[in-house]
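The values are calculated or read from the model by the stated rules, or taken from the named source; none is laboratory data. From a predicted model like this one, the values you see are computed outputs, not experimental measurements. Every residue, glycine among them, receives a Cβ derived from its backbone with ideal geometry; neighbour counts consider all protein chains shown.
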Amino acid sequence: MGVGGDRWAQLYRALGMIGLSVAASGCCTQVDHFLIHPREPAPQVIRWSADFQRDQLLVHVEGARPPGAGPFPTVLVHPEEDETAISMHGVIWDLAAHGYAALAFDYKRWLDGEFRRTYFAWRSESDLLLPIDVTRAYPEVDQNHIGALGFSEGAVVSLLMAAHDPDRIKAVVAYSPITDFPRWYAGDHRSLMPWMLFELARWQFRVDADAPNDEEFQKSLRLASPYYMAEYIRAPVLLIHGADDELAFPDESTRIAERLKASGDTVEVLIVPGGTRLFNFRQAPQATVAWNATLEWLARYLR
């Protein structure tokens, strides 16, 4: 399946503005990416960093894996909005200690004569699939057992990767995704503080979509929505959501789960009691419950 270049640009502008909206909401406490994950890698864990370029996209990789030649089941990790692969060190070191090769990603786009961090890094289907293609550079990666793990915006990317390359993504764990952008965009978020910042971000969202009319804007939002791509996903999907998430309500996960089930897919939803936005990096008891479920899911479908 393919999507036109203009549509892809609009899609990822939409994704980027979701990230800006999350940042603007400023909810909850400061995140701690090492909250329940190791602050230092286990001695046997092998680590590396690398950069790969395709056209105008530069991808940075932070990797970790067990010792030995492998191949190992592999997890592609995408952080929440405005974070980098380095912020995923604790996550990938944890996965490596459990027997996985783990690769975390962030992206820069060639803009004005240099590579820059941008909300709109991805502009084509080829860009989106670059992380999966990168794994071919590593013989330690088991190409038959690749999964995707993402947080917030990274969860959206993970689900879209599974839709656009269902033959290679074998399992997905998606934390707190926004899965239906048209519905989310039209929703009432007055409980969010500061509300005016959120409304400003939503206005910028519409501007950056660069759609000539509302019909085209809604098409852009649908293209960015895993909910409308669910029929193409074949990998087993675990959706994890905080019960008290006020930016993306839990029904963002339950509704796509129903759609996946209707297509005959394997899917489970874990609603974590008391979990707020990005609870997995803020609330240790809830994060532990979710991480144990993550490891069980990956063991079941990537081993």
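General observations
- Tally of residues being touching a Leu at 6+ places or on another chain (Cβ under 7 Å), farther than 21 Å from Asp133 by Cβ and surrounded by fewer than 24 Cβ atoms within 10 Å (Cβ to Cβ) across the stretch 71-112: 1
- Strands (runs of 3 or more DSSP E) lying entirely in the stretch 58-166 (those with 2 or more residues that are without any contact (Cβ under 8 Å) to a residue 24 or more places away in the chain): 114-116
- Remark: pairs (first residue in the stretch 262-281, closer than 29 Å to Asp32 by Cβ; second residue among the basic types (Lys, Arg) and assigned to a loop (DSSP other than H, G, I, E, B); Cβ separation under 7 Å; 6+ apart in sequence or on different chains) = Thr276/Arg282.
- You will find that of Arg65, Arg54, Arg47, the residue that is surrounded by fewer than 23 Cβ atoms within 10 Å (Cβ to Cβ), within 21 Å of the chain's Cα centre (by Cα) and of a type outside the set (Asp, Glu) is Arg54 and no other.
- Residue-level analysis places Gly274 among those that are modelled with pLDDT of 95 or more and over 17 Å from the mean Cα position of the chain (by Cα).
Residue-wise test of (1) over 12 Å from Thr179 (Cβ atoms); (2) touching a Pro at 6+ places or on another chain (Cβ under 7 Å); (3) among the β-branched types (Val, Ile, Thr).
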| position | (1), (2), (3) |
| --- | --- |
| Glu252 | no, yes, no |
| Glu258 | no, no, no |
| Ala262 | yes, no, no |
| Thr266 | yes, yes, yes |
| Asn280 | yes, no, no |
| Gln283 | yes, no, no |
| Ala290 | yes, no, no |
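- Any hit, the stretch 241-248, residues being closer than 26 Å to Val31 by Cβ, in contact with a Ser or Thr (Cβ under 6 Å, 6 or more places away or on another chain), modelled with pLDDT of 90 or more and outside any loop (DSSP other than H, G, I, E, B): yes
- Selection within the stretch 69-80 - modelled with pLDDT of 95 or more and farther than 27 Å from Val289 by Cβ: Pro71
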